[in-house]
Amino acid sequence: MQRKAKMDHNRYFNPGIEKVMSPFQSIRAIDYTVILVRDMEAMRQFYEGVLGFLFVRELSENWREYRVGSNTLVLARPRRLAYEPATPKGSASIQLAFRVPPSDVDRCAEWLALRSIAIISPPTNHSFGHRTLFFRDPDGNLIEIYAEI
């Protein structure tokens with residue numbers, strides 16, 4: 001049994017030993033994204049009220065799902081699997097990038113300003129072909145709105 005485990009380890013971590021396709025290459029999409037939240041109510045109000053994401057279901061008071069295009073975004077309290085301490089306030093745990101049509105980048109900035117959401121970087125055109133807008137959610141995660149231009 002120990003020999004088999006060593007062979008499996010060598011196949012994936014020492015590619016020169018044996019050429020084998022990684023089982024992770026069968027992944028075709030990210031099924032859902034989970035944001036581990038500090039303040040569920042503030043995050044709920046932000047994602048529903050400010051961003052207007054479509055609420056899908058609540059599996060418990062610790063798990064809320066939203067539809068974002070063809071993906072699911074989950075707000076979850078770190079209870080079941082994550083035993084790490086919360087990220088310090090003001091530090092981003094993740095960056096979420098949401099693609100919109102080019103004219104909507106500026107409209108999103110105006111929408112946020114009307115709701116007193118601080119904008120980190122206003123709508124900006126970049127040489128790599130994106131127009132971006134950056135702000136943070138209530139837990140400090142970095143949110144990017146972008147368009148291909």
Which residues qualify? For residue 141, with a placed amide H closer than 5 Å and at least 5 residues away or on another chain, they are 93
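Can you put 94, 120, 143, 30 in order of Cβ neighbours within 10 angstrom, beginning with the fewest?
Least to most surrounded, the residues fall as 30, 120, 94, 143.
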Can you give me the orientation-averaged projected area of the convex hull built on the Cα atoms of the range 90-149, in nm²?
3.9 nm²
Checking rank on 33-40, 50-57, with mean other Cβ inside 10 Å and highest first, the result is 33-40, 50-57
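FYI, it's all coordinate maths here, none of it is from the lab. Not measured: the values here are computed from a predicted model. FYI the Cβ positions are ideal-geometry reconstructions off the backbone, even for glycines, and counts take in every protein chain you see.
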